[in-house]
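S.K.: Below is a structure I'd like to ask you about.
Any read-out appearing in this document is the output of simple, stated calculations on the displayed coordinates, not a laboratory observation. Note that the structure is predicted; figures quoted are calculated from it, not measured. Cβ sites come from the backbone with ideal geometry, for glycine too, and all protein chains shown count toward neighbours.
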Amino acid sequence: MELVFDGHNDVLLRLWRSRANGTDPVAEFRNGTSEGHIDGPRAKAGGLAGGLCAIYIPSTGGDFVLKEPDEKGHYATPLEAPLQRQPSLDIALDMASIALRLDRAGAWRLCRSTAEIRRAMEEGIFAAVMHMEGCEAIDDDLDALETFHAAGLRSLGPVWSRNNIFGHGVPFAFPMSPDTGPGLTDLGFELVKACNRMGILVDLAHITEKGFWDVAKVSDQPLIASHSNAHALTPVARNLTDKQLDAIRESRGLVGLNYAVTMLRDDARDDAKTPLSDMIRHIDHLVNRMGIDCVALGSDFDGATVPADIADAAGNQKLVAALKAAGYADEELKKICRENWLRVLASAWHE
Ligand SMILES: [Zn+2]
């Protein structure tokens, strides 16, 4: 089995919702559930040894839904409305506390260094890294950034697909270029510089193309898109153009393959009947464009519809097997599955 350290999941969102329904998140993760994609037993079964676990603030208007495609199969879901800071901060604190409680109970290990990640993986304990997907919970003085860093935050995306005080996100739309509007705000530049200083990884998934180039201009870290795919194959605004991939390669960063079927399929439809070959062709394109050192995994488990053949974390090794069958050598699989992530985290974290 090839152990996987994965660049993006939304298990904290699911556990937060379970808690609101009266379920103990520690018990749900430790004992397993039929809900969603990730829990301890399923992660172990599928060799999902750890990953970046997102604090994500759901929209106030209810669950996010993609707009129905028109007769050509095109769709353009409008951006979600910006959120107020106050309820966002409460939710972010709740999700951080769930991450800390799981750590305290030994249900997973909340890691702050790559040495801690490697140790947890060796011990067979899920290695979680606290990530923030959209910084609605952070104030304009960046005081909350200090607090969340102290609580274990080691990675953030300035924006989700929604505008905030730090920058502008891309909508979920097909076909569409990622060049959909402005990039970082002045505060966004300050946030990126603070992340550079503090050793917090800056994630470029969900940001506009302008925002991508803004970060590239000021950040001293490798450029990372934790859960994105190739725009040349699936032209949704969330995927990366070849020009962006070239910049990621030059910075020795990485792209984590997103298992979301809307970002893998030719037609960008939300249909779980999506063959593993769609995942392989995206990996092939990323490897051809950037080399084996810049390609990794970023499942989006618990945040998106994934191919039915994978189904959940327990099915993760089916992708590894498909990559093997497609000709990837063991050394290459090791890099895709975990070593590339560990290399860029070590760099961003000043190790
Ligand atoms: Zn996302």
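S.K.: What order do you get for Thr208, Thr60 when you list them from fewest to most C-beta neighbours inside 10 Å? Don't skip to the answer; put the middle values down first.
M.R.: Details: Thr208 26, Thr60 11.
Arranged by neighbour count, lowest to highest, Thr208, Thr60 become Thr60, Thr208.
S.K.: Can you give the FRET efficiency for Ala216 and Asp242, using 1/(1 + (r/R0)^6), R0 = 22 Å, r = Cβ-Cβ distance, to the nearest 0.05? If you can, show how the numbers build up before the last one.
M.R.: Values: r = 15 Å, r/R0 = 0.68.
That pair, Ala216 with Asp242, gives E of 0.90.
S.K.: Multiply the residue separation of Gln86 and Ala325 by 0.36 nm, subtract the distance between their alpha-carbon atoms, and state the gained length in nm to one decimal. Don't skip to the answer; put the middle values down first.
M.R.: Working: separation 239, 0.36 × 239 = 86.04 nm, distance 4.95 nm.
Stretched out fully, the Gln86 to Ala325 stretch lengthens by 81.1 nm.
S.K.: Hey, another quick one. What number, in percent, do you get for the relative contact order of the range 91-137 if the mean sequence gap of Cα pairs under 8 Å and at least 6 apart is divided by its residue count? Don't jump to the answer; show the numbers that get you there.
M.R.: On the way: 36 pairs, mean separation 15.8, N = 47.
The value is 34 percent.
S.K.: Before anything else, pin down the relative contact order of the range 74-165: Cα pairs under 8 Å, at least 6 apart, normalised by residue count, whole percent. Please report the intermediate quantities before stating the final value.
M.R.: Details: 107 pairs, mean separation 31.8, N = 92.
This gives 35 percent for the range 74-165.
S.K.: When a/c reaches 1.5 or more, the comparison of a/b and b/c decides; with that in mind, is the range 69-137 rounded, prolate or oblate per its Cα gyration tensor? Show your work: numbers first, answer last.
M.R.: On the way: a/c = 3.40, a/b = 1.74, b/c = 1.95.
Because a/c hits 1.5 or more and a/b fails to exceed b/c, the range 69-137 counts as oblate.
S.K.: Hey, another quick one. Among Met176, Pro275, Ile336, whose Cα projects farthest towards the positive end of the dipole of the chain, with charges put on the beta-carbon of Lys, Arg (+1) and Asp, Glu (-1)?
M.R.: Ile336
S.K.: When we measure straight from the Cα of Lys193, which lysines land under 18 angstrom away, once same-chain ones fewer than 8 places off are left out?
M.R.: Lys210, Lys217
S.K.: Sort Ser277, Ser299, Ser18 by Cβ crowding within 10 Å, fewest neighbours at the top.
M.R.: Values: Ser277 13, Ser299 29, Ser18 19.
With the fewest neighbours first, Ser277, Ser299, Ser18 line up as Ser277, Ser18, Ser299.
S.K.: Next question. Would you list the membrane-span-like helices of the chain, meaning whole DSSP H runs whose alpha-carbon atoms span at least 27 Å along their axis and whose mean Kyte-Doolittle value is at least -1.0?
M.R.: On the way: long enough: 85-104 (28 Å, 0.04).
Span-like helices in the chain: 85-104.
S.K.: Straight-line reach from Lys273: which lysines have a Cα under 16 Å away, not including same-chain ones fewer than 8 places off?
M.R.: Output for Lys273: Lys318.
S.K.: For the range 265-344, which trypsin sites (Lys or Arg not before Pro) are in a loop by DSSP, counting at most 10 other Cβ atoms within 10 Å? Let's see the in-between values first.
M.R.: Working: sites: Arg265, Arg269, Lys273, Arg281, Arg289, Lys318, Lys324, Lys334, Lys335, Arg338, Arg343; in loops: Arg265, Arg269, Lys273.
Here the sparse-neighbourhood loop sites are Lys273.
S.K.: Let me ask another. Between Arg269 and Arg17, 0.36 nm times their residue separation minus their Cα-Cα distance comes to what?
M.R.: 88.1 nm
S.K.: Could I ask something else about it? With 5 Å bins from zero, work out the P(r) of the range 1-118 over every alpha carbon pair and list the percent per bin.
M.R.: 2, 10, 17, 20, 17, 13, 10, 7, 3, 1, 0
S.K.: Here is a further query. Could you tell me how far the Cα centroid of the range 278-340 sits from the Cα centroid of the range 155-206, in Å?
M.R.: A separation of 25 Å, based on Cα centres.
S.K.: How big is the dipole moment of the chain about its Cα centre under a simple scheme where the beta carbon of each Lys and Arg is +1, that of each Asp and Glu is -1, and everything else is neutral? Debye, nearest 20, please. Before the final figure, lay out each step's value.
M.R.: Values: 36 positive and 51 negative charges, 135 e Å.
That gives the chain a dipole magnitude of about 640 debye.
S.K.: Here's another thing I want to ask about it. Counting Lys and Arg as +1 and Asp and Glu as -1, each charge on the Cβ, what is the dipole of the range 199-351 about the Cα centre in debye, to the nearest 20?
M.R.: Approximately 140 debye in magnitude.
S.K.: Something else about it: Suppose every Lys and Arg Cβ carries +1 and every Asp and Glu Cβ carries -1, with no other charges. What dipole size does the range 75-199 come out with about its Cα centre, to the nearest 20 debye?
M.R.: Numbers: 11 positive and 17 negative charges, 102 e Å.
Computed charge dipole of the range 75-199: roughly 500 debye.
S.K.: If you don't mind, there's one more thing I want to ask. Defining a contact as two alpha carbons under 8 Å apart and six or more residues distant in sequence, what relative contact order in percent does the chain show? It would help to have the intermediate numbers written out before the result.
M.R.: Details: 777 pairs, mean separation 69.5, N = 351.
It comes to 20 percent, rounded to a whole number.
S.K.: Continuing with the same structure: Springs between alpha-carbon pairs under 10 angstrom, Gaussian network model over the chain: which of His74, His37, His206 fluctuates most?
M.R.: Between His74, His37, His206, it is His74 that shows the largest mean-square fluctuation.
S.K.: Give me the one-decimal nm value for the distance between modelled label points at Glu339 and Asp186, 7 Å along each residue's Cα-to-Cβ direction.
M.R.: My value for the distance between the label points is 4.6 nm.
S.K.: Could you give the length gained on full extension between Ser97 and Ala308, defined as 0.36 nm per residue of separation minus the Cα-Cα distance, in nm?
M.R.: Numbers: separation 211, 0.36 × 211 = 75.96 nm, distance 3.19 nm.
Here the answer is 72.8 nm.
S.K.: Cut-off is 10 Å between beta-carbons; in what order do Tyr259, Tyr75 appear when sorted fewest neighbours first? Don't jump to the answer; show the numbers that get you there.
M.R.: Details: Tyr259 30, Tyr75 21.
Ordered from fewest to most neighbouring Cβ atoms within 10 Å, Tyr259, Tyr75 come out as Tyr75, Tyr259.
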